[in-house]
Amino acid sequence: MGTVKKFENPAALFDGAAKFILQLAQQAGPKFSISLAGGTTPRALYERMAAPDMRGSFPWEKMHFFFGDERCVPHEDPRSNYRMARESMLGPAAVPAGNVHPVNTSTASAAASAQDYAGDLEKFFGKDLPRFDLILLGLGEDGHTASLFPGDPALLENKKWTAPAKVETPEPRVTLTYPVINNADNVMFLVSGESKKKILSEVLPGNSNYPSGKIKPSSGSLYWFIS
Ligand code: 6PG
């Protein structure tokens with residue numbers, strides 16, 4: 001279940017979420033590792049974080065940005081989660097390039113990109129299971145999160161840190177797996193809009209069979225920021 005923070009409207013949600021992330025980042029040690037969610041919902045959060053009245057408060061130089069999942073399209077493709085994050089936050093906040101760790105999508109396959117991404121995670125976290133300070137997640141209407149979709153073999157991956165999505169998706173995708181997500185210090189779902197009300201009512205109580213229902217940090221904290 002975790003901690004539910006319900007906001008009156010999307011603007012309040014993104015402002016509250018940005019301030020929450022700011023607090024975590026300021027309290028963190030010399031590095032703050034954050035995995036970004038993709039899709040459409042988080043764009044407004046990233047814009048809020050990089051807004052002129054808030055941008056100056058973030059310790060960008062110690063924040064390292066990874067991605068919870070990525071579509072295997074060129075980084076300039078409008079579907080790219082990296083492009084969305086770069087346009088809405090990483091660019092406007094002038095985050096140092098060395099602090100941004102996109103999934104390499106110019107490989108031969110999603111499996112190759114997943115393997116390459118696991119290598120990037122190891123370069124940053126070392127050989128032990130990555131422990132992100134914060135992982136942001138969205139919620140699909142089918143109960144998926146990141147690119148962990150219902151019925152996907154990636155749901156059963158309990159060793160590898162990344163996996164290619166194997167079920168039919170609009171484009172090939174790479175995702176973090178449960179071992180990494182559930183090892184995070186903080187996991188934060190960001191869910192907004194009428195279209196998500198039904199799935200939220202089924203997932204929020206906990207123990208649902210949806211992929212998002214299996215997000216249970218082993219020792220970290222789970223938060224639901226909703227509006
Ligand atoms: C993606 C996301 C995905 C997203 C949900 C919700 O790459 O699409 O990682 O898991 O968070 O599909 O998407 P919306 O925020 O667009 O509703």
Self-check item: Of residues in the range 85-97 being of a type outside the set (A, V, I, L, M, F, W, C) and open to solvent by 10 Å² or more (accessible area, probe 1.4 Å), the one farthest from the ligand (Cβ to nearest atom)
Solution: Pro96
Exercise. Go through the residues of the range 41-61 one by one and say whether even a single one is open to solvent by less than 40 Å² (accessible area, probe 1.4 Å) and within 17 Å of Asp120 (Cβ to Cβ).
Key: no
Quiz item: Does Thr145 satisfy the condition of being more than 30 Å from Glu61 (Cβ to Cβ), polar (S, T, N, Q) and within 15 Å of the ligand (Cβ to nearest atom)?
Solution: no
Practice problem: Scan the range 137-157 and report the pairs whose first residue is more than 24 Å from Ile226 (Cβ to Cβ) and whose second residue is among the small types (Gly, Ala, Ser) and more than 9 Å from the ligand (Cβ to nearest atom), with Cβ atoms within less than 8 Å and a gap of 6+ or a chain change. | Solution: Asp152/Ala165; Pro153/Ala163; Ala154/Ala163; Ala154/Ala165; Glu157/Ala163
Quiz item: Can you tell me which residues in the range 1-40 are outside any helix (DSSP H, G or I), touching a Phe, Trp or Tyr at 6+ places or on another chain (Cβ under 9 Å) and open to solvent by 80 Å² or more (accessible area, probe 1.4 Å)?
Solution: Met1, Lys6, Lys31
Quiz item: Can you tell which of Ile199, Ile181, Ile215 is more than 18 Å from Leu36 (Cβ to Cβ) and of a type outside the set (S, T, N, Q)?
Solution: Ile199
Quiz item: With respect to Ala165, is the statement that it is free of Cβ contacts under 8 Å to residues at least 12 places away in the same chain and surrounded by 15 or more Cβ atoms within 10 Å (Cβ to Cβ) true?
Solution: no
Exercise. Please state which of the following conditions Pro179 fails to meet, knowing it meets all the rest: (1) more than 14 Å from the ligand (Cβ to nearest atom); (2) more than 20 Å from Ile21 (Cα to Cα); (3) open to solvent by less than 20 Å² (accessible area, probe 1.4 Å); (4) in contact with a Phe, Trp or Tyr (Cβ under 7 Å, 6 or more places away or on another chain).
Key: (3)
Quiz item: Which ones in the range 62-84 are assigned to a loop (DSSP other than H, G, I, E, B), surrounded by 20 or more Cβ atoms within 10 Å (Cβ to Cβ) and out of contact with any Gly (no Cβ under 9 Å at 6 or more places or on another chain)?
Solution: Cys72
Quiz item: Quick check: anything in the range 59-74 aliphatic (A, V, I, L, M), under 21 Å from Ala28 (Cβ atoms) and touching a Phe, Trp or Tyr at 6+ places or on another chain (Cβ under 6 Å)?
Solution: yes
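The values are calculated or read from the model by the stated rules, or taken from the named source; none is laboratory data. What you are looking at is a predicted structure, and each value in this text was computed from that prediction instead of being measured. Cβ coordinates were reconstructed from backbone atoms using ideal geometry, including for glycine residues, and neighbour counts include every protein chain displayed. The accessibility values were calculated without ligands, DNA or RNA, using every heavy atom of the protein model including side chains. Shrake-Rupley method; radii C 1.70, N 1.55, O 1.52, S 1.80 Å.
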